[in-house]
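The values are calculated or read from the model by the stated rules, or taken from the named source; none is laboratory data. These numbers come from a predicted model, not from an experiment. With ideal geometry, Cβ positions are generated from the backbone for all residues, glycine too; neighbour counts draw on all protein chains shown. In case anyone asks, the SASA skips ligands and DNA or RNA and just uses the protein heavy atoms, side chains included. Shrake-Rupley method; radii C 1.70, N 1.55, O 1.52, S 1.80 Å.
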Amino acid sequence: MYLQQYPISTCPICKQGWVVIVKEVVSNKYFVNCNDCETEWENPESFLMKESGTHFKFGRVIEPEEVEVKAIGWEKYVSKELKSRIT
């Protein structure tokens with residue numbers, strides 16, 4: 001599954017994927033990861049502060065519902081420009 005509903009930015013690691021808001025299936029924990037190279041960050045703030053990302057810290061992910069993204073206050077990080085490219 002190609003996750004793209006809640007893009008924050010283009011990935012600075014692979015320079016081709018989008019860093020998107022996701023939810024881990026097992027724990028229901030929200031975090032952000034690149035939908036191409038799968039680099040992951042604990043939250044949008046750590047990504048935007050250019051902290052080092054990790055790999056394989058989290059398990060299988062799904063896209064959260066819009067209501068969930070709003071409930072955790074992360075909708076402010078979603079790029080309107082990138083979101084407008086979703087077909």
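Of note:
- None of E45, E24, E40, E68 is open to solvent by 50 Å² or more (accessible area, probe 1.4 Å) and of a type in the set (D, E) except E45.
- Pick from segment 1-16, criterion open to solvent by less than 30 Å² (accessible area, probe 1.4 Å) and at pLDDT 95 or above, ranking: farthest from the chain's Cα centre (by Cα): C11
- Criterion (in contact with a Lys or Arg (Cβ under 8 Å, 6 or more places away or on another chain) and hydrophobic (A, V, I, L, M, F, W, C)) met by exactly one of I62, I72: I62
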